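The values are calculated or read from the model by the stated rules, or taken from the named source; none is laboratory data. Fair warning: this is a prediction, and the values are worked out from it, not measured in the lab. Heads up, the Cβs are rebuilt from the backbone with ideal geometry, glycines too, and the neighbour counts pull from every protein chain shown.
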Amino acid sequence: MMRRVYLDNNATTPVLPKILEAMRPYFGEHFGNASSIHHHGQETRAAVEGARESVANLLPCRASEIVFTGGGTEADNLAIFGLAREGDHVITSTIEHHAVFNACKHLTESKRCEVTYIPVDGRGLIDPEDVKRAIRPNTKLITIMFANNETGVVQPVAEIGTVAAGANVYFHTDAVQAAGKIAIDVNEIGCDLLTISGHKLHAPQGVGALYVRGGTPLEPMLYGGSHERSRRAGTENVPAIVGLGKAAELASAGFKRGDDLKMATARDRLERELLALDSTGLNGRGACRVPNTTNVYFDGIEGEALVIALDLKGLAVSTGAACSSGAIEPSHVLTAMGLSRDRAKASIRFSLGKQNTEEDVDFALALVPETVARLRELSPTWPRPAISI
Ligand code: PLP
């Protein structure tokens with residue numbers, strides 16, 4: 001069987017065996033509705049509340065400040081639509097994930113709010129001073145991500161939190177790509193809302209959580225029963241919530257063991273050797289980044305072609321490009337950082353996970369240089385060395 005190596009953990013991560021084990025009883029013998037008052041309900045209620053404690057310990061905050069959702073997108077939407085009212089002004093950035101970007105776009109298109117988009121510099125960083133300057137008397141919310149999904153660049157969230165607190169503005173941060181990779185402290189950041197997603201930290205897809213600081217006046221998006229203290233109606237997805245709780249517990253233990261340092265060592269070797277190739281460069285150079293991500297451009301190639309060629313040889317990586325009306329559009333994150341369309345389209349993201357080994361990095365390093373060289377050879381536009389006759 002062909003060997004396959006998965007270096008696309010920012011897209012999703014495999015569910016770890018310990019997490020699957022923790023979830024398994026909640027698909028079978030522990031099936032109760034967590035709102036039922038009998039034994040079966042009590043059992044699953046205890047599991048949900050245990051998971052809430054574990055997620056709260058990761059951030060760290062009070063368990064009552066955690067709202068379970070159906071994923072990161074829902075948590076981002078709940079933060080934004082739960083706070084922004086008609087006539088409010090909202091501040092975000094040009095490099096947000098579509099879960100925030102398109103929610104903000106909807107705020108303007110529906111004429112509910114005006115939105116200001118803060119630009120980034122060549123490293124992919126937001127200047128907190130720009131955020132401060134953008135604040136207006138009616139600014140209700142600042143929503144700026146913690147770590148970028150394409151580049152791994154970590155924003156100065158604590159400084160932005162200080163700016164927000166100084167102006168009495170609510171601050172939400174999408175920490176989907178930060179959770180489990182770097183330590184998070186909601187009090188150090190000074191945020192009022194923070195999003196995490198299960199499947200980026202080895203729990204299943206379709207579960208997430210929103211941290212909501214006590215006292216934040218959040219309107220629900222879903223109406224129904226009084227689940228999640230009336231902040232998110234709907235019978236809880238108990239197995240997935242148990243998985244998220246276990247993932248949070250393992251992530252907390254992983255920091256103590258130095259999992260993040262191990263990941264950084266493997267990522268750094270991969271990055272060093274890729275950057276030694278001709279006409280390559282790092283996107284996000286000079287910025288603090290999460291330890292698992294590297295985003296590299298290989299001038300002269302089409303990123304999509306490289307992804308497909310590598311996949312045929314067993315290596316899974318990705319581009320940040322989006323397909324719109326049949327044409328591949330360059331990543332909005334990379335173009336916001338000032339990359340040309342060609343260079344943005346020549347960029348590839350490699351993202352490691354806890355399950356990856358140094359052998360996986362060897363595998364990637366055995367494939368990428370020769371594949372890049374072959375694609376460049378095939379390219380009619382890539383300069384060839386002059387042939388002397
Ligand atoms: N925010 C960021 C930064 C992400 O990377 C993602 C997923 O790629 C999301 C939000 C959306 O999370 P989910 O897939 O759980 O809806």
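Of the candidates Thr195, Thr173, Thr216, the single residue that is surrounded by fewer than 24 Cβ atoms within 10 Å (Cβ to Cβ) and at pLDDT 95 or above is Thr216.
You will find that of Lys140, Lys105, the residue that is within 16 Å of the ligand (Cβ to nearest atom), basic (Lys, Arg) and either modelled with pLDDT under 95 or within 27 Å of Thr69 (Cα to Cα) (or both) is Lys105 and no other. Among the conditions (1) among the acidic types (Asp, Glu); (2) in the same structural domain as Asn33 (by TED's automatic domain parsing); (3) touching a Ser or Thr at 6+ places or on another chain (Cβ under 6 Å), Glu271 misses just one, which is (2). Counting only strands (runs of 3 or more DSSP E) that sit completely within the range 107-218, those holding 1 or more residues that are free of Cβ contacts under 8 Å to residues at least 60 places away in the same chain and among the aromatic types (Phe, Trp, Tyr) correspond to 114-118, 170-174. Out of curiosity, is Val90 within 21 Å of Arg136 (Cα to Cα) and out of contact with any Pro (no Cβ under 8 Å at 6 or more places or on another chain)? Answer is yes for this residue.
Of the residues making up the range 256-271, those that are closer than 22 Å to Asp360 by Cα and not acidic (Asp, Glu) are Arg257, Gly258, Leu261, Lys262, Met263, Ala264, Thr265, Ala266, Arg267, Arg269, Leu270.
A residue that is closer than 30 Å to Phe171 by Cβ and more than 16 Å from the ligand (Cβ to nearest atom) occurs nowhere in the range 7-25.
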